[in-house]
Amino acid sequence: MSSRHYPSAPLLAACTAIWRDDKILLARRSAAPNSGTWAMPGGLVEVGETLEQAAIREVREETALELSNVVFNRFHEIILRDDDHRVERHFVLAMFVTICETGTAIAGDDAAAVDWFTIDQLPSLPLTGQTDLFVRESLNLLPLLRDRQAPME
């Protein structure tokens with residue numbers, strides 16, 4: 001089993017931008033790295049599960065929300081090096097987007113808190129890495145998700 005710290009291979013993870021009306025759900029990290037910062041709910045993919053299954057499971061574990069429909073956005077790599085230029089952390093992140101109109105988000109697993117935010121509130125939050133960019137990118141997939149949720153005539 002590979003360690004997250006100085007891994008022998010990149011670690012595969014999944015995260016999800018969860019929208020409700022004009023707000024995005026973010027989780028405040030309770031553990032290193034980036035403890036105390038806000039990010040989209042996510043975590044490592046487990047052996048035998050698909051990326052989509054991992055995204056849905058991580059949301060359930062961190063927020064108690066049950067998702068049924070997520071759309072893949074893109075991959076993003078996170079490579080952090082130490083002072084000696086050795087790879088300290090390497091994640092390949094599969095990013096998903098969804099709309100969740102029901103349910104109460106409750107912090108669980110490694111989330112210290114969860115909350116809904118508007119885009120205008122993001123600049124005042126301590127966010128992980130490129131969370132602001134990822135959230136803004138996710139807006140582009142909302143029309144597709146809304147079309148999928150529209151009743152068939």
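The values are calculated or read from the model by the stated rules, or taken from the named source; none is laboratory data. Computed from a prediction, not measured in an experiment: that's the story for all the values here. Glycine gets a Cβ as well: all are built from the backbone with ideal geometry, and neighbour counts include every protein chain shown. Just so you know, the surface numbers come from the protein's heavy atoms only, side chains and all, with ligands and any DNA or RNA stripped out. Shrake-Rupley method; radii C 1.70, N 1.55, O 1.52, S 1.80 Å.
Observations on the structure shown:
- Stokes-Einstein translational diffusion, the stretch 91-144 - Kirkwood Rh over all Cα pairs, 0.692 mPa s, 37 °C, in µm²/s: 248
- Estimated purely from DSSP H runs of n ≥ 4, each contributing -39500 (n - 2.57), the mean residue ellipticity at 222 nm for the chain is -5500 deg cm²/dmol once divided by its residues.
- Within-14-Å neighbourhood charge of residue 45 [Cβ basis; K, R +1; D, E -1]: -3
- The stretch 40-87 - convex hull of the alpha-carbon atoms, volume per residue in Å³: 110
- Whole-Hz couplings from phi, Karplus 6.51/-1.76/1.60, listed for the stretch 122-139; x for Gly and Pro: 4, x, 8, 9, x, 9, 6, x, 9, 4, 4, 4, 4, 4, 5, 4, 5, 4
- Rounded to 5, the percent of DSSP beta bridges in the stretch 1-141 classed as antiparallel: 70
- Based on protein heavy atoms only, the chain ends up with 56 Å² per residue of surface accessible to a 1.4 Å probe.
- Counting only protein heavy atoms and a probe of 1.4 Å, the accessible surface of the stretch 36-152 is 52% carbon and sulfur.
- Inter-centroid distance (Cα atoms) of the stretch 35-62 relative to the stretch 111-131, Å: 17
- Computed across the stretch 5-153, the Kirkwood radius stands at 15.8 Å (inverse of mean 1/r, all Cα pairs).
- Computed from phi, the 3J(HN,Hα) profile of the stretch 87-94 under the Karplus parametrisation 6.51, -1.76, 1.60 (θ = phi - 60°) reads 6, 8, 8, 8, 10, 10, 9, 8 Hz, with x in place of Gly and Pro.
- Karplus-derived 3J(HN,Hα), 6.51/-1.76/1.60, for each residue of the stretch 30-44, Hz, glycine and proline x: 9, 10, 5, x, 6, 3, x, 9, 9, 8, 6, x, x, x, 5
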